[in-house]
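Since every read-out is calculated from the coordinates, none of them should be taken as a lab result. Being a predicted model, the structure only gives us computed values, none of them experimental. Neighbour counts run over all protein chains shown; Cβ positions are idealised from the backbone, glycine included.
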Amino acid sequence: MKASVGTKIMLAVGIIVFLSVEGIFYYMSESHEKSMMEQLRQQAKSIADQILLVRLWAAENRERVTPVPAELTYELSELSNEMYDYKIKLVTLKPRDPENYPSDTFEKRVIQDFMQGKSREEYAINSEFYEYAVPLYVEEPCLKCHIDQGYREGDLRGALVVEIPVSEVMASLEKTRKELIIYGFVISLGIMLAILGIMRIVVITPLNKVKEAAMKLAKRDYSARVEVDNEDELGELARVFNSMVEELKNKEAQVIQSEKMATVGKLAAGIAHQINNPLANIILYSQIHREDVEDEETKKVLEIIEEEASLASKVVQGLLDFSRQREFKNETVQVNEVIRKMLNILKPQLQYKNIKLELDLDKNLPEVKGDSAKLLDAFINIATNAIDAMNEGGKLSIRTYKSDGKVVVEIADTGVGIPEEHLSKIFDPFFTTKEVGKGTGLGLYITYSVIEKHGGKIDVKSKVGEGTTFKIYLPGEVNAGDTHSRGRPET
């Protein structure tokens, strides 16, 4: 079973938090145990110091004190054991009383260590007692009783051992350890749940949105968008994803358009070659018979046949031009010069329809790389449509400038305009808003293909009754700067 990213992060964070919290509580438990042991040591040391002090006082005041130090120690041990469960013992390797001989390994070890001078105190803990031992040295008052045993002042007599019961202390420590483990688990679980909640809001939910959008995109649903307002990496991911979807949508449209062009091109070439010769024959025979016929009505009919066949021939020629794959030239092009050539060609139409020309050509316009002949065809197609849209005169505005590293050609007219519902279709092959017989619907399609081949794009804005504006963007110099000011227009 595959684990999600959220589950993996949760497990990793959970393990780290649990180990960290339990580590802290383990350290606290160990510190608490050391503190308890130190308190036991201080308590045992205090008892031992008091016993040694009493023993020394008893030895120095032997004439006034009836019990000898050994008997006094025994009596204090009995009393402390009765009242506090403490045990106080004197152990020695030369005992007068056999009960004072070391009875366990701890007592034997401490005497050996004290004899070798390894330490000034020893302690150990077993299941019942905390054992604490200090060396017992022979002092001058002690010689009154022990000189016959061969001791001298300063010799090690044995050890004073204090035993303090630790069952309650050990039970308390064990309880504390269990409580710390439980607290650590509860706190770790709380932190993990809090982190999970935060992650679900900050990470998991945005990632699920990206996942859902990606699944929609996989089904070619280009309405897929990720609505994330975060100003962080996930927000940036969402914005990049949305941009990618838009780019894929545009690319698919371009691919479909290219496929249409290839398919229609093949179809057009086949049809054109099949009907071109018959149309030529119809035109030829119409012209021949029109010269031989004297009847005016018949001549008029033949003239109509010739005109209609010529129009059909032009359509066929457009199809041939559309389907012909002429080699693309990649040369340096002066866009302003291409526009001037276009205007020389269209000048008679402008004069005939009484259309005013307004020119604003940037004198410092950068050069572009491309095919000047194809760009000329593209500009002519747009300008011709603009002229056709102004049957009762108007104004044709042509402007060039540079913006954001692009060379911009703007062609605007004051014609009838294009309905909004047609704007998305004007670059489709064979789509036209002109009357039947006055347009093939290939001009703008060819223009779109030419501009796309040059790595550019076309924007169109139009309003019915006010006119249309085409903006053609061609790659120019990246650092060429911007120009938007208008100079003196050329007419």
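Quick notes
- Cα gyration tensor shape of the stretch 326-475, rounded if a/c is under 1.5, else prolate or oblate by comparing a/b with b/c: prolate
- The residues Val301, Val166, when put in order of fewest to most other Cβ atoms within 10 Å, stand as Val301, Val166.
- Fraction of antiparallel bridges per DSSP, the stretch 326-475 only, in percent to nearest 5: 80 percent
- Cross-link partners of Lys329 among aspartates and glutamates (Cα-Cα below 20 Å; sequence separation of 8 or more within a chain): Asp321, Glu337, Glu367, Asp371, Asp377, Glu452, Glu477
- Exposure proxy order (Cβ contacts within 10 Å, fewest to most) of Thr7, Thr332, Thr92, Thr469: Thr332, Thr7, Thr469, Thr92
- Sequence of Arg220, Arg55, Arg200 once ranked by neighbouring C-beta atoms within 10 Å, starting from the fewest: Arg220, Arg200, Arg55
- Here Lys175 is the anchor, and the lysines within straight C-alpha reach of less than 21 Å, apart from those fewer than 8 places off in the same chain, are Lys34.
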